[in-house]
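The block underneath contains the structure these notes are about, expressed in structure tokens.
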Amino acid sequence: MNIVILTGAGISAESGLETFRAEAGLWDGYQIEDVCTPGAFARAPDRVCQFYDERKLLATQAQPNAAHLALADLEGFWQEHRRGDFLLVTQNVDDLHERAGSHNLIHMHGALNSTYCIDCGYHGPRFNALEDDRECPSCGRDMLRPDIVFFGETPRSLPKIYEALRACDVFVAIGTSGQVYPAADFVQMANSFGARTVLVNLELHGGGAVFDDCQIGNATDVVPRWAAGMMI
Ligand code: APR
Ligand code: ZN
């Protein structure tokens, strides 16, 4: 049995990290066009770096929660008992899945703890702030940017994600409002390939109707229970 899991900001909410579209969420306090578009970066790179530096600091101070840990346990169980393929796709840029022990993981919207150079293509880890310090270790030019997929840019590893969706038997979306594409389309793809589709979310949203099963509640309650039911 092959599993594909998609997570969104909701899985990190109980670790204290803000989601985007809740009341007073991130997109309430900031304009997307000021901090998360190529144009914003071209106009004011240090402003964009400051936004992601702040989120990087908050993520560093956060801890993986029971939902992150349950997914890492399930991945380990799936591999140990050779139950099939397991792929975790996250829209999140925090590193809580890694710190929980997940391995087969794709950050489709990028990651806070890495950077790349828009001039020479250097790509590497970056744990300290980028604002006011964007010198590329490879070419020496001040051309480093956050390794984040801005709106209007292409998410990462889509061919690998689509290949996994074609082969999956169970697709689970956890803590995502299903408003951003192409991630919001994954459930339809999984449905079309005959997978069983499960939504785990704090509230039922418009996209809920396309899932076979909707488990409403906090991720730290629902995910460990769901994962335990898979590990038998
Ligand atoms: N447990 C489960 N679900 C939760 C919890 C929780 N404790 N808290 C919030 N949620 C749910 C909310 O009900 C909401 O449906 O998580 C979802 C978060 O939705 P968004 O804030 O829209 O975040 P997300 O779906 O990850 O956004 C997708 O949009 O702005 C871009 O790149 C950004 O990756 C992000 C993408
Ligand atoms: Zn460079």
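The values are calculated or read from the model by the stated rules, or taken from the named source; none is laboratory data. Remember, it's a predicted structure, so these values are computed and weren't measured experimentally. Cβ coordinates were reconstructed from backbone atoms using ideal geometry, including for glycine residues, and neighbour counts include every protein chain displayed.
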Quiz item: Could you count how many residues in the range 190-202 are closer than 19 Å to Lys160 by Cα and surrounded by fewer than 19 Cβ atoms within 10 Å (Cβ to Cβ)?
Solution: 4
Exercise. Any residue in the range 69-94 that's on the phi > 0 side of the Ramachandran plot: show its pairings with residues that are surrounded by fewer than 18 Cβ atoms within 10 Å (Cβ to Cβ) and not acidic (Asp, Glu) at Cβ separation under 6 Å, as long as the two are six or more apart or on different chains.
Key: Gly84/Met1
Quiz prompt | Subset of the range 22-34 (residues that are over 18 Å from the mean Cα position of the chain (by Cα), under 16 Å from Gln50 (Cβ atoms) and within 11 Å of ligand 1 (Cβ to nearest atom)) | solution = Tyr30
Practice problem: Enumerate the pairs (first residue in the range 189-203 and assigned by TED's automatic domain parsing to the domain that holds Ser177; second residue anywhere and in a strand (DSSP E or B) and of a type outside the set (A, V, I, L, M, F, W, C)) with beta-carbon separation below 6 Å, excluding pairs fewer than 6 apart on the same chain, so at least 6 apart or on different chains. | Solution: Ala190/Thr197; Asn191/Thr197; Val198/Asp213; Val200/Gln215
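For Thr90, indicate whether it is away from ligand 1 (no atom under 16 Å from the Cβ) and of a type in the set (Val, Ile, Thr).
no
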Practice problem: Show the residue pairs that are 6+ apart or on different chains and have beta-carbon atoms under 7 Å apart, the first residue being within the range 142-166 and in contact (Cβ under 8 Å) with a residue 12 or more places away in the chain and within 30 Å of Arg196 (Cβ to Cβ), the second being of a type in the set (Asp, Glu) and away from ligand 1 (no atom under 13 Å from the Cβ). | Solution: Ala164/Asp85
Exercise. State yes or no: is Thr176 within 16 Å of ligand 2 (Cβ to nearest atom), among the polar types (S, T, N, Q) and crowded, with 17+ Cβ neighbours inside 10 Å?
Key: no
Quiz item: Would you call Glu33 among the acidic types (Asp, Glu) and either without any contact (Cβ under 8 Å) to a residue 60 or more places away in the chain or closer than 20 Å to Gly110 by Cβ (or both)?
Solution: yes
Quiz item: What are the residues in the range 62-86 that are polar (S, T, N, Q) and within 18 Å of the chain's Cα centre (by Cα), if any?
Solution: Gln63, Asn65
